[in-house]
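I have placed the structure first, in the form of C-alpha cells, so that the comments after it can refer back to it.
Values in this text are rule-based calculations from the coordinates and carry no lab data. What you see is a predicted model, and the numbers here were worked out from it, not measured in a lab. Please note: Cβ atoms are built from the backbone with ideal geometry, for glycine as well, and neighbour counts cover all protein chains shown.
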Amino acid sequence: MKKKCLQNKRVFLMNLGSRGKKDYTLFDAFRSAFSGIIFSFKTERNMRIHLLAAIIVIVSGFFFSITNVEWMVLILVIAITIALELVNTAIENAVDLITAQEHPVAKAAKDIAAGAVLIFCIASVGIGLIIFIPYIIERFFM
C-alpha cells in the first residue's frame, strides 16, 4: 500500500511539469503554492489532523471569547504548525523522489523533519493549555 501511494505521489509530482521562469507570473506562483497546500491536505494524514486541531482551537477561542493578543498567538501557532508540516511533506517527497530504497541518510532526513514538527506541536499544546486552562476553570469550576 505504501509503495502504491508513493508511486501515485511521484506520478502527480512529475505531471506538474517544469515551468519556465520567464513567463511564470505572480498568479502562477500563488496557484502553485495553493496547489501544494491542497496536495498536502489530500495526501498527508497528519496535515488533516493539524487542520482538525486548528478548527477545535478556533471554535474554542470563540466559545471562551479570548483576547486579541491570545488570538494573535493562536493564529501564529496554527500557521507555524501548518507551515512546518508543509516543509516536512516537501522533504519527505523530495527524499522519496531521490531514492525508493531504504537508506539511513534518507531516513534521518525524514525523521529530523518530522521531529521539528513534533517539537513545535508539543510547544503548541503547552501554549494552548496556558491560554485555555484559566477560561476552562473560570467557566466550569467557579
Mean Cβ-within-10 Å packing, highest first, puts peptides 82-93, 34-45 in the order 82-93, 34-45
Please give the length that would be gained between PHE27 and ALA83 if that part of the chain were fully extended, namely 0.36 nm times their separation in residues minus their C-alpha to C-alpha distance (nm, one decimal).
18.1 nm
Net charge near ALA109 (other residues with Cβ under 12 Å of its Cβ; Lys, Arg +1; Asp, Glu -1) is -1
